[in-house]
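My questions all concern the structure below.
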Amino acid sequence: MLEERNGASQTAGGKKAVRKKAALAAMVTAAMLLLAACGGNNDGTSGGNSDDAGGANNTAGNGESTAVEGSVELKVFGGSASDALGARADNQKEIEQTVLDGFIAENPEVKSVTWDAQGPVADQVTRMMTANLGGEYMDMVACAANPTNTTFIDKGILKDITADIEPFKDRIDPSALNAYSRDGKVYGIPIATMSTSTFYYNKDLFAELGLEVPTTYEELLTVSEAVKEAGHMAVIHQGKNAWYWPMWLMETLAQTSGDSVGKTESNLSGETKFTDEADVEALRLVGQFVEDGIIDGNTLTVDTDGMRSAFASQQAAMYYGGTWELSWLQDNVTDFEYGAFEFPKLPDTIGDPKHGGGPDYGICVSSNIKDDNQEYAIKLMEYLTRPEVADQYLGIYKPIFASIEGVTLSDEPIAQDLQGHYDNTVRFLDWIWPVEVKDAIASSLQGIAGGMVSAEEAAATIQAAYDQLVADGYVYGE
Amino acid sequence: MAKQLETTRGAVGALRTGKRRGAAARRTAVEGYALVLPALLLLAVFILYPILYGLYISFHKWDGFSAMTFVGWRNYVKAFTSDSVFHQAARNTALYAVAITIGKNVFGLLLALLVSRKIRGILFFRTALFVPVTLSYVVVGLLWAWIYNPSFGLVASGLEALGLENWVYPWLGSASTALWAVVAVEVWKWAGFHMVLFLGGLQAIPADLYEAAIVDGASPWARFRSITLPLLKPITFISVFLALNGGFVRNFDLIYIMTGGGPNHSTEVVLTHMVSEAFQRGNLGYSSAMGYLLFLTVAVLILVYARTFNRGGEGGR
């Protein structure tokens, strides 16, 4: 009897346990359903509910706006703080406000323009991804040319604006506009300074040692030896940052192939290979700069700050960078005069020196923009490309080059040096390489510089990265 | 008859009491669930959902922009077959975890033995040794990257001052030393924490055991081997567990700051590779798959470690 009762009690206990578990599971499931219901739309269509932004505006059949005054709200999303108008200026907010107020004054239908550009440059794609996953609505995207080419166009988040910008596209430097174009379609307009790559050198030290600016590799080698004999490092390079090494390859490939952009596109189309002689030689030549002692042997431990400090403190006589370094130099190097010279001609190569470059930032139209807002997005683009307006947010830098024609440029001696380099500037190759290939190139170049891999092994690694991409369905240009 | 009636009344009473107790128990259970519901919701939202969603993503190809595509086991197969960087990262992760587990525990124990002595100013030394634990990884990483710098760093300057210029070496810039240089920093940062763990264990060992051993003529080494080590076993279990677990799943910050996984992937660990895949290459599905492989590896290792350690403990008893 007792056993029966115990048995019954155990059965009851078992049922109770089952009920408890069921209740627990139900609660967890309910919580998860609640969460799922609250979650964003991850089907890739993003952009949120287009009904929730903007206002009561309509477009008449003749294309003219009938929007109610003060009804349009434009939202510009920037991947990083560098995508803000006048980003490098101390009074950035003030500049931005002045420019946007001017636009609103001309367009009374526009109630406001929100320009949300925050965070570090390195996180720009992540920030865009997060906004996309969160269903954040945006009319326009302010973005650098690099992620535009490597990510945003591919992911379909930008609208083709080729026909829309026709009335004012002549105000934009054609090569800069080309950086925001793919297969004849324009996806954005550059509204920024333009970059080119260059060597910076300590003019005073060169004068003291009686050295001339080198134009060939041999001359650079001679100069480097003289500098080292005098107790300085020759060229300091931020080799710890793998992503910076491809800059050197852009230079060497330009000379070994004669057309670095064409060769890269041909490699990515599968017509030629990354293991071709010109590519391997370009990789080998980068390593030779380290082997010959032109680049300091400790380069793989040097980061951006280390490189700049070594130059500013006169421990290193030269460093390789670009026009983007100029503002730092102007602010921090005051003890000596510095100059710039072009990447030298390499021995036994068929091409002329060509340097990676292009516009720094631009603005695009989101593919999810509401029809009613598109007219004003294009109007904002038109407004930003007016020379007198561009001068407000670009002219303040006294840039060496600008993507908008008519902007006041710098007349400093170093700017004049660099303006001469711009004729030899070609598109940055990392705007063409898929990220996987770029990463393989970057780490392989580190390996070459550190004597860990040969140029042939590096080329094979890069080709393997490309082959893997193709196996995963990658087709260049699509 | 009366007895039967009494029995029936007793049974009915018991039944009523049982029902009342059942109702009370149910009420208590409902109240209990209601009380834990907020915690369960938080658990579901912040722990369970991300874990399960991560598993779901790992079976898809997804870049965070476009729609997900189901790819079955392909991400897992890729990790095992065609991703040589993942293979290197897995090797580096294992090496890193084992090295720092040994380093942190050996140094932690040695420091604990040193600072367990009752000498003047010992509190200062204990505090000083614990200070690195309180520093953030960013501070530690940047600090040591500069210390190691062969051109301007403290190590190079020290060696040059001693006339040992030839010993100056790009520790973080060489594939053969970079990982070990980071291991040394990780050990430096956390040795103080393990010291505190072991110090607690040492202070819990009764002094009369040592006194008895001294009377018996046991040497210091014999006392350490036969008294200290066995009695520190529970602390050692925790200390090794924390170090091993941290070695596998908390190695991102320092490596990212000091080397970024370079040069040429020589310090790449699974976590840095995962982040690159997810946020530079937009392979969120593959990154999740790597995360699950790491999770499974750590779970199995910890389980094996716990069982082995416990078995050893029983044998010891």
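Under 7 Å between Cβ atoms, at least 6 apart or on separate chains: pull out the pairs that start in the stretch B:202-228 with a residue that is more than 18 Å from B:Leu114 (Cα to Cα) and end on any residue that is of a type outside the set (Gly, Ala, Ser).
Listed by first residue and then by second, the contacts come to B:Leu209/B:Ile227; B:Ala213/B:Arg223; B:Ala213/B:Ile227.
Next question. Restricting attention to the stretch A:435-465, which residues are closer than 17 Å to A:Asn241 by Cβ and more than 8 Å from every other protein chain (Cβ to nearest Cβ)?
A:Lys438, A:Ala440, A:Ile441, A:Ala442, A:Leu445, A:Ile448, listed by residue number.
When the residues of the stretch B:28-43 are narrowed to those that are modelled with pLDDT under 90 and facing chain A (nearest Cβ under 8 Å), which ends up farthest from the chain's Cα centre (by Cα)?
Within the stretch B:28-43, the match that is farthest from the chain's Cα centre (by Cα) is B:Ala29.
With the requirement that a residue be over 29 Å from A:Ala234 (Cα atoms), in contact with a Gly (Cβ under 8 Å, 6 or more places away or on another chain) and modelled with pLDDT of 90 or more, what does the stretch A:180-212 give you?
The answer is A:Tyr180, A:Gly188, A:Ile189, A:Pro190, A:Ile191.
State which residue is nearest to the other protein chains (Cβ to nearest Cβ) when the search covers only the stretch B:60-78 and only residues that are over 21 Å from A:Asp154 (Cα atoms) and open to solvent by less than 40 Å² (accessible area, probe 1.4 Å).
For the stretch B:60-78, the residue satisfying everything is B:Asn75.
Condition (residue is within 14 Å of another protein chain (Cβ to nearest Cβ) and touching a residue at least 24 places away in the same chain (Cβ under 8 Å)) applied to the stretch A:187-198: is it met by at least one residue? So that I can check it myself, show each step before the final result.
If we filter the stretch A:187-198 for residues that are within 14 Å of another protein chain (Cβ to nearest Cβ), which is where we start, we get none.
Looking through the stretch A:187-198, none of the residues is within 14 Å of another protein chain (Cβ to nearest Cβ) and touching a residue at least 24 places away in the same chain (Cβ under 8 Å).
Next question, about the same structure. Restricting to the stretch B:238-259, and then to whatever is outside any helix (DSSP H, G or I) and open to solvent by less than 50 Å² (accessible area, probe 1.4 Å), can you tell me which residue is farthest from the other protein chains (Cβ to nearest Cβ)?
Of the residues in the stretch B:238-259, the ones outside any helix (DSSP H, G or I) are B:250-251, B:259.
Now restrict to residues that are open to solvent by less than 50 Å² (accessible area, probe 1.4 Å): B:251, B:259.
Numbers: B:Asn251: 18, B:Thr259: 7 Å.
Only one residue tops the list, namely B:Asn251.
Which of the residues that make up the stretch A:105-131 are more than 14 Å from chain B (Cβ to nearest Cβ) and either touching a Ser or Thr at 6+ places or on another chain (Cβ under 8 Å) or closer than 29 Å to B:Arg281 by Cα (or both)? Please lay out each step first, then the result.
Initial filter on the stretch A:105-131 (more than 14 Å from chain B (Cβ to nearest Cβ)): A:105-118.
Result: A:Glu109, A:Lys111, A:Trp115, A:Asp116, A:Ala117, A:Gln118.
In addition: Return the total of residues in the stretch A:390-405 being in a loop (DSSP other than H, G, I, E, B) and under 20 Å from the mean Cα position of the chain (by Cα).
5
Failed condition for B:Val138, given (1) of a type in the set (A, V, I, L, M, F, W, C); (2) surrounded by 13 or more Cβ atoms within 10 Å (Cβ to Cβ); (3) within 14 Å of chain A (Cβ to nearest Cβ), with all others met?
In the conditions (1) of a type in the set (A, V, I, L, M, F, W, C); (2) surrounded by 13 or more Cβ atoms within 10 Å (Cβ to Cβ); (3) within 14 Å of chain A (Cβ to nearest Cβ), B:Val138 misses (2) alone.
In the stretch A:98-134, which residue that is β-branched (Val, Ile, Thr) and surrounded by fewer than 17 Cβ atoms within 10 Å (Cβ to Cβ) is nearest to A:Tyr376 (Cα to Cα)?
Result: A:Thr114.
Take the stretch B:192-208 and flag every residue that is of a type in the set (A, V, I, L, M, F, W, C), open to solvent by 10 Å² or more (accessible area, probe 1.4 Å) and within 22 Å of B:Ser239 (Cα to Cα).
Within the stretch B:192-208, B:Phe193, B:Val196, B:Leu197, B:Leu199, B:Leu202, B:Ala204, B:Ile205 meet the criteria.
With B:Val155, B:Val140 as the choices, which residue is touching a residue at least 12 places away in the same chain (Cβ under 8 Å), more than 24 Å from B:Val240 (Cα to Cα), assigned to a helix (DSSP H, G or I) and not basic (Lys, Arg)? Give the steps one after another, and end with the answer.
On the way: B:Val140 fails: more than 24 Å from B:Val240 (Cα to Cα).
After ruling out the rest, the residue left standing is B:Val155.
Where in the stretch A:212-284 are there helices (runs of 4 or more DSSP H), lying fully within it, with 2 or more residues that are within 27 Å of B:Glu268 (Cα to Cα)?
Ranges flagged: A:246-257.
May I pose another question? What number of residues within the stretch A:252-263 are surrounded by fewer than 24 Cβ atoms within 10 Å (Cβ to Cβ) and at negative phi?
Residues flagged as surrounded by fewer than 24 Cβ atoms within 10 Å (Cβ to Cβ) and at negative phi within the stretch A:252-263 amount to 4.
Of the residues B:Ser288, B:Ser266, which single one is part of a loop (DSSP other than H, G, I, E, B), in contact (Cβ under 8 Å) with a residue 24 or more places away in the chain, in the same structural domain as B:Gly141 (by TED's automatic domain parsing) and not basic (Lys, Arg)? Talk me through it step by step, then tell me what you get.
Working: B:Ser288 fails: part of a loop (DSSP other than H, G, I, E, B).
Of the residues listed, the single one that is part of a loop (DSSP other than H, G, I, E, B), in contact (Cβ under 8 Å) with a residue 24 or more places away in the chain, in the same structural domain as B:Gly141 (by TED's automatic domain parsing) and not basic (Lys, Arg) is B:Ser266.
Here is a follow-up. Between residues in the stretch A:117-133 that are farther than 23 Å from A:Gly86 by Cα and residues that are at pLDDT below 85, which pairs lie under 7 Å by C-beta distance while being six or more apart or on different chains?
Taking only residues 6 or more apart or on different chains, the pairs are A:Asn132/A:Ser46; A:Leu133/A:Gly40; A:Leu133/A:Asn42.
Oh, and also: Check the stretch B:170-180 and report whether any residue there is within 14 Å of chain A (Cβ to nearest Cβ), within 21 Å of A:Val302 (Cα to Cα) and over 30 Å from the mean Cα position of the chain (by Cα).
The first filter runs over the stretch B:170-180 and keeps only residues within 14 Å of chain A (Cβ to nearest Cβ), leaving B:170-179.
Subset that is within 21 Å of A:Val302 (Cα to Cα): B:170-179.
Now drop any that are not over 30 Å from the mean Cα position of the chain (by Cα), which leaves none.
No, the conditions are met nowhere in the stretch B:170-180.
Tally the residues that are closer than 22 Å to A:Phe152 by Cα and not aromatic (Phe, Trp, Tyr), restricting the search to the stretch B:270-301.
Result for the stretch B:270-301: 12.
Oh, and also: Can you tell which of A:Glu436, A:Glu405, A:Glu412 is in contact with a helix residue (DSSP H, G or I) (Cβ under 6 Å, 6 or more places away or on another chain), of a type outside the set (Phe, Trp, Tyr), farther than 23 Å from A:Lys273 by Cβ and open to solvent by 20 Å² or more (accessible area, probe 1.4 Å)?
Of the residues listed, the single one that is in contact with a helix residue (DSSP H, G or I) (Cβ under 6 Å, 6 or more places away or on another chain), of a type outside the set (Phe, Trp, Tyr), farther than 23 Å from A:Lys273 by Cβ and open to solvent by 20 Å² or more (accessible area, probe 1.4 Å) is A:Glu405.
Let me confirm something: among A:Leu445, A:Leu394, A:Leu380, A:Leu418, which residue is assigned by TED's automatic domain parsing to the domain that holds A:Val113 and either crowded, with 19+ Cβ neighbours inside 10 Å or farther than 30 Å from A:Glu337 by Cα (or both)?
A:Leu380
Now for a separate question. Quick check on B:Ile235: is it touching a Gly at 6+ places or on another chain (Cβ under 6 Å), in the same structural domain as B:Asn264 (by TED's automatic domain parsing) and open to solvent by 10 Å² or more (accessible area, probe 1.4 Å)?
Yes: the conditions hold for B:Ile235.
Against the conditions (1) over 30 Å from A:Ala442 (Cβ atoms); (2) without any contact (Cβ under 8 Å) to a residue 12 or more places away in the chain; (3) surrounded by 13 or more Cβ atoms within 10 Å (Cβ to Cβ), where does B:Phe124 fall short? Just the number, please.
(3)
I've got another one for you. Restricting to the stretch A:135-166, give me the number of residues that are open to solvent by less than 10 Å² (accessible area, probe 1.4 Å) and of a type in the set (Asp, Glu).
Total satisfying the criteria: 1.
Within the stretch A:82-117, can you find the residues that are within 11 Å of A:Ala142 (Cβ to Cβ) and in a loop (DSSP other than H, G, I, E, B)?
A:Ala84, A:Leu85, A:Ala87
From the set of residues in the stretch A:132-172 that are away from chain B (no Cβ under 14 Å) and among the charged types (D, E, K, R), which is nearest to A:Thr193 (Cα to Cα)?
Per the stated criteria, the residue is A:Arg171.
Would you pick out the residues in the stretch A:313-333 that are away from chain B (no Cβ under 12 Å) and open to solvent by 30 Å² or more (accessible area, probe 1.4 Å)?
Scanning the stretch A:313-333 gives A:Gln314, A:Trp324, A:Ser327, A:Trp328, A:Gln330, A:Asp331, A:Asn332.
Also, quick follow-up: When you go through (1) open to solvent by 60 Å² or more (accessible area, probe 1.4 Å); (2) in contact with a Leu (Cβ under 6 Å, 6 or more places away or on another chain); (3) small (Gly, Ala, Ser) one by one for B:Ser176, which number turns out not to apply?
Among (1) open to solvent by 60 Å² or more (accessible area, probe 1.4 Å); (2) in contact with a Leu (Cβ under 6 Å, 6 or more places away or on another chain); (3) small (Gly, Ala, Ser), B:Ser176 violates only (2).
The values are calculated or read from the model by the stated rules, or taken from the named source; none is laboratory data. Not measured: the values here are computed from a predicted model. For neighbour counting, all protein chains shown are included, and Cβ atoms are generated from backbone atoms with ideal geometry for every residue, glycine included. Note: areas computed on protein heavy atoms with side chains; ligands, DNA, RNA excluded. Shrake-Rupley method; radii C 1.70, N 1.55, O 1.52, S 1.80 Å.
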